[in-house]
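Asks: Before we start, here is the structure in question, set down as structure tokens.
The values are calculated or read from the model by the stated rules, or taken from the named source; none is laboratory data. This is a predicted model, so every value here is computed, not measured. Every residue, glycine as well, gets a Cβ built from its backbone with ideal geometry; the counts of neighbours run over all protein chains shown. Protein only, heavy atoms only, side chains kept; ligands, DNA and RNA dropped before computing areas. Shrake-Rupley method; radii C 1.70, N 1.55, O 1.52, S 1.80 Å.
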Amino acid sequence: MKHDSVNAPALGSRRRFLASCAGVAAAALVPAGAAAPPAAMRSLRAQRLAWAGVRLQLPESTLLIDPLVNPATWGKALPDRLVPVNDVLGESHVLVTHTHSDHFDAGAVAAALSKGGTLAYPAGLQPLPLPAAARARPSALWEPQLLGDFTATPVPASDGYGDTQVSWVVTAGGRRIFHGGDTQWHGHWWRIGRQFGPFDAAFLPINGATFGWREPVSGQPGVLTPEQAVAAAAILGARTLVPIHFGISGMDNYAEVDNPLGRLRKAAGDRAVAVQVVEPGAWLTWPA
């Protein structure tokens with residue numbers, strides 16, 4: 001790619017400045033190495049939804065990440081309970097990591113944003129259809145998005161097909177969480193960990209799926225394996241790893257690793273990473 005010799009330094013400086021601002025915004029809530037915030041600040045609740053979805057709840061606002069309610073997306077291959085999202089409290093916003101149908105469910109977004117709110121997504125994409133009451137927020141990497149009481153920053157991820165995808169760092173209510181979408185292994189974990197870590201919880205995909213829909217077939221995992229998820233959690237400084245994006249069976253051309261939870265627990269035990277398995281509809285219990 002050809003670079004403008006005059007504008008390139010300015011662009012680099014702007015990116016460094018924005019990355020620094022993102023780090024300051026995250027650190028302002030819970031500075032790395034600082035004592036835990038007072039109980040009154042620790043008001044954020046986190047609920048696991050179906051598949052890769054997560055609900056982050058504050059007393060007067062809601063943030064959803066990759067909500068899924070469409071039973072046709074996976075059919076009988078996914079046993080997860082589909083948790084409704086039309087009951088959001090207060091001001092509502094939605095983040096999507098990418099626009100594959102199991103992460104951008106237009107029906108779920110419409111239900112969550114029926115009374116308005118923001119849909120934030122990776123810059124360069126255009127999730128459609130967009131609910132009439134929603135505000136579209138294309139979001140560039142490393143640039144913090146202020147969504148009411150939440151600050152959400154898109155950070156690099158690697159999609160199994162090479163499509164545009166991000167992970168999200170969210171700070172709110174004295175907590176900091178990481179949502180990995182369905183990323184595979186990449187080299188940005190250390191920078192994300194240094195910039196934003198440690199995290200109270202990292203929601204990470206674990207099924208190490210291989211795909212047969214594109215040829216020639218690679219036979220390589222297009223999603224984090226259980227062992228890779230544990231390594232990512234360790235690098236990020238996650239106090240708790242919450243597994244997402246697993247449980248598919250009986251699908252042609254989509255195969256996840258055998259016993260992903262068992263492999264995750266073994267790898268986590270080897271590296272002293274805490275794992276909390278949260279069923280769809282249940283709420284995360286924050287470590288003491």
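Asks: Every residue in the range 107-157 that is among the polar types (S, T, N, Q) and either within 21 Å of T73 (Cβ to Cβ) or in a loop (DSSP other than H, G, I, E, B) (or both), please.
Replies: Result: S114, Q126.
Asks: If you take the residues in the range 201-221 that are in contact with a strand residue (DSSP E or B) (Cβ under 9 Å, 6 or more places away or on another chain) and more than 16 Å from I244 (Cα to Cα), which one is least open to solvent (accessible area, probe 1.4 Å)?
Replies: G212
Asks: For the range 74-101, enumerate the residues that are small (G, A, S) and closer than 26 Å to P154 by Cα. Outline the logic, then answer.
Replies: From the range 74-101, those small (G, A, S) are 75, 77, 90, 92, 101; that's our starting set.
Within the range 74-101, G90, S92, S101 qualify.
Asks: Between a first residue in the range 273-286 that is over 15 Å from G247 (Cβ atoms) and among the polar types (S, T, N, Q) and a second residue that is in a loop (DSSP other than H, G, I, E, B) and at pLDDT below 95, which pairs have beta carbons less than 9 Å apart while being 6 or more apart in sequence or on different chains?
Replies: That search, which allows pairs on different chains as well, returns Q276/P287.
Asks: Is it the case that A268 is assigned to a helix (DSSP H, G or I), free of Cβ contacts under 8 Å to residues at least 40 places away in the same chain and open to solvent by less than 20 Å² (accessible area, probe 1.4 Å)? Give the steps one after another, and end with the answer.
Replies: Details: assigned to a helix (DSSP H, G or I): yes; free of Cβ contacts under 8 Å to residues at least 40 places away in the same chain: yes; open to solvent by less than 20 Å² (accessible area, probe 1.4 Å): yes.
The answer is yes for A268.
Asks: Still on this structure: For a quick check of your reading of the model, give me the residue pairs whose first member lies in the range 124-147 and is at positive phi, whose second is assigned to a loop (DSSP other than H, G, I, E, B) and open to solvent by 30 Å² or more (accessible area, probe 1.4 Å), with beta-carbon atoms closer than 8 Å and at least 6 apart or on different chains.
Replies: Within 8 Å, the pairs are G124/T164.
Asks: A further question follows. What number of residues within the range 60-98 are without any contact (Cβ under 8 Å) to a residue 60 or more places away in the chain and in contact with an Asp or Glu (Cβ under 8 Å, 6 or more places away or on another chain)? Show your work before the answer.
Replies: Narrowing the range 60-98 to residues without any contact (Cβ under 8 Å) to a residue 60 or more places away in the chain: 62, 64, 67-73, 75, 84-94, 96.
Right, trim to in contact with an Asp or Glu (Cβ under 8 Å, 6 or more places away or on another chain) and you get 62, 67-70, 73, 89-91, 96.
Qualifying residue count, the range 60-98: 10.
Asks: Please work out which residue is most open to solvent (accessible area, probe 1.4 Å), limiting yourself to the range 68-99 and to residues that are assigned to a helix (DSSP H, G or I) and not basic (K, R).
Replies: Going through the range 68-99, the residues assigned to a helix (DSSP H, G or I) turn out to be 75-77.
Applying the additional criterion that residues be not basic (K, R) yields 75, 77.
Working: G75: 37, A77: 9 Å².
Ranking the qualifying residues of the range 68-99, first place goes to G75.
Asks: Name, by its number, the condition in (1) touching a Leu at 6+ places or on another chain (Cβ under 8 Å); (2) open to solvent by less than 40 Å² (accessible area, probe 1.4 Å); (3) more than 27 Å from S158 (Cβ to Cβ) that does not hold for I65.
Replies: Evaluating I65 over (1) touching a Leu at 6+ places or on another chain (Cβ under 8 Å); (2) open to solvent by less than 40 Å² (accessible area, probe 1.4 Å); (3) more than 27 Å from S158 (Cβ to Cβ) leaves (3) as the failure.
Asks: Scanning the range 232-246 for residues that are open to solvent by 10 Å² or more (accessible area, probe 1.4 Å) and touching a residue at least 40 places away in the same chain (Cβ under 8 Å), which turns out farthest from F196 (Cα to Cα)? Show your work before the answer.
Replies: Step one: filter the range 232-246 for residues open to solvent by 10 Å² or more (accessible area, probe 1.4 Å), giving 234-235, 237-239, 246.
With the extra rule that they be touching a residue at least 40 places away in the same chain (Cβ under 8 Å), the set shrinks to 235, 237-239, 246.
Values: I235: 11, G237: 9, A238: 11, R239: 13, F246: 26 Å.
Ranking the candidates gives F246 first.
Asks: Right, here's the next one. What residue, among those in the range 124-154 that are over 20 Å from G90 (Cβ atoms) and touching a helix residue (DSSP H, G or I) at 6+ places or on another chain (Cβ under 7 Å), is least open to solvent (accessible area, probe 1.4 Å)?
Replies: T153
For every residue, the table says whether it meets (1) at pLDDT 95 or above; (2) of a type outside the set (A, V, I, L, M); (3) farther than 21 Å from A50 by Cβ; (4) touching a His at 6+ places or on another chain (Cβ under 6 Å).
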{"site": "R194", "(1), (2), (3), (4)": "yes, yes, yes, no"}
{"site": "F199", "(1), (2), (3), (4)": "yes, yes, yes, no"}
{"site": "P205", "(1), (2), (3), (4)": "yes, yes, no, yes"}
{"site": "A209", "(1), (2), (3), (4)": "yes, no, no, no"}
{"site": "G212", "(1), (2), (3), (4)": "no, yes, yes, no"}
{"site": "Q220", "(1), (2), (3), (4)": "yes, yes, yes, no"}
{"site": "L224", "(1), (2), (3), (4)": "yes, no, no, no"}
{"site": "A229", "(1), (2), (3), (4)": "yes, no, no, no"}
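Asks: Which numbered condition trips up A288, out of (1) more than 29 Å from W213 (Cβ to Cβ); (2) open to solvent by less than 80 Å² (accessible area, probe 1.4 Å); (3) of a type outside the set (D, E, K, R)?
Replies: Against the list (1) more than 29 Å from W213 (Cβ to Cβ); (2) open to solvent by less than 80 Å² (accessible area, probe 1.4 Å); (3) of a type outside the set (D, E, K, R), A288 comes up short only on (2).
Asks: Next question, about the same structure. Given the residues A22, A120, A35, which is the only one that is under 29 Å from Q195 (Cβ atoms), modelled with pLDDT under 95, under 17 Å from the mean Cα position of the chain (by Cα) and not aromatic (F, W, Y)?
Replies: None of the others qualify; the one that does is A22.
Asks: Right, here's the next one. Could you tell me how many of the residues in the range 171-200 are more than 21 Å from Q145 (Cβ to Cβ), open to solvent by 50 Å² or more (accessible area, probe 1.4 Å) and in a loop (DSSP other than H, G, I, E, B)?
Replies: 3
Asks: Sticking with this one: Among the residues of the range 247-263, what is the count of those that are open to solvent by 30 Å² or more (accessible area, probe 1.4 Å), in a loop (DSSP other than H, G, I, E, B) and without any contact (Cβ under 8 Å) to a residue 60 or more places away in the chain?
Replies: Counting residues in the range 247-263 that are open to solvent by 30 Å² or more (accessible area, probe 1.4 Å), in a loop (DSSP other than H, G, I, E, B) and without any contact (Cβ under 8 Å) to a residue 60 or more places away in the chain gives 5.
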